[in-house]
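What follows is one structure encoded as structure tokens, with my remarks underneath.
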Amino acid sequence: MSARLLGADDFAAPAELDRDARDHVDDVFRALAGLEESLAEPSDPAVRRVLPSASRDDHEIADEFRRLTEPDLRSLKVARLRTMWEQLSDEGAEWHVRLDEALATASALTDVRLVLAARLRLETDEDAERLHAEIDLASHAMDTDAHEDLGVDPERVWLGMLYQALTWLQESLLHCLMTGEEEQDV
């Protein structure tokens, strides 16, 4: 979804997706139709997180900086997301990241996490703590069959769990890089 927000085409060819998956993807991205390629500050909070303004106070400077840098930045971010997509599309049950692709993959994970954070309305540490508490509550309720009386948004919990998983993946990847893993894959 991050690549689509940046104006890229779908990475998977439609023939690779079954009809239900294509319909679901179409429904999700139909909501994003009309995403303008303009260089003004984006109205979508997720895009603003991935492509922030250079200045909050001076719109003229922000617009000029965006005009000079955004097309290349979009291309770079889409290329990183495409690389990660290709890694995940490789055959096999494990995700292998080549050392020379590790930083690009970590950056792509950051962009996906920024989009999820915007959709989850995570602005502060307290927002993140509240989300983690909701996930813990939902997990406990599922373990005790009390999920009917839960009172939390299941979509928010699912997206939150995805956010947590991507955070763990990114931290693991960066840990491998920082500890000097000399292997070809991390």
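The values are calculated or read from the model by the stated rules, or taken from the named source; none is laboratory data. The model shown is predicted, which means the values in this text are computed figures rather than measured ones. Counting neighbours? That spans all protein chains shown, and the Cβs are built from the backbone with ideal geometry, glycine included.
Okay, residues lined up against (1) more than 30 Å from Glu86 (Cβ to Cβ); (2) of a type in the set (A, V, I, L, M, F, W, C); (3) modelled with pLDDT under 95:
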{"site": "Ala104", "(1), (2), (3)": "no, yes, yes"}
{"site": "Arg130", "(1), (2), (3)": "yes, no, yes"}
{"site": "Ala133", "(1), (2), (3)": "yes, yes, yes"}
{"site": "Leu137", "(1), (2), (3)": "yes, yes, yes"}
{"site": "His140", "(1), (2), (3)": "yes, no, yes"}
{"site": "Thr144", "(1), (2), (3)": "yes, no, yes"}
{"site": "Leu150", "(1), (2), (3)": "yes, yes, yes"}
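Exactly one residue out of Arg121, Arg113 is in contact with a helix residue (DSSP H, G or I) (Cβ under 7 Å, 6 or more places away or on another chain), within 26 Å of Val157 (Cα to Cα) and exposed (fewer than 13 other Cβ atoms within 10 Å of the Cβ), and it is Arg121.
Contact annotation: residue pairs with Cβ atoms under 7 Å, 6 or more positions apart or on different chains, pairing a residue in region 64-86 that is within 17 Å of Arg49 (Cα to Cα) with a partner that is part of a helix (DSSP H, G or I) and among the β-branched types (Val, Ile, Thr), are Lys77/Val50. Taking the condition part of a loop (DSSP other than H, G, I, E, B), crowded, with 16+ Cβ neighbours inside 10 Å, at pLDDT 65 or above and of a type outside the set (Ser, Thr, Tyr), does Ala8 pass? Answer is yes for this residue.
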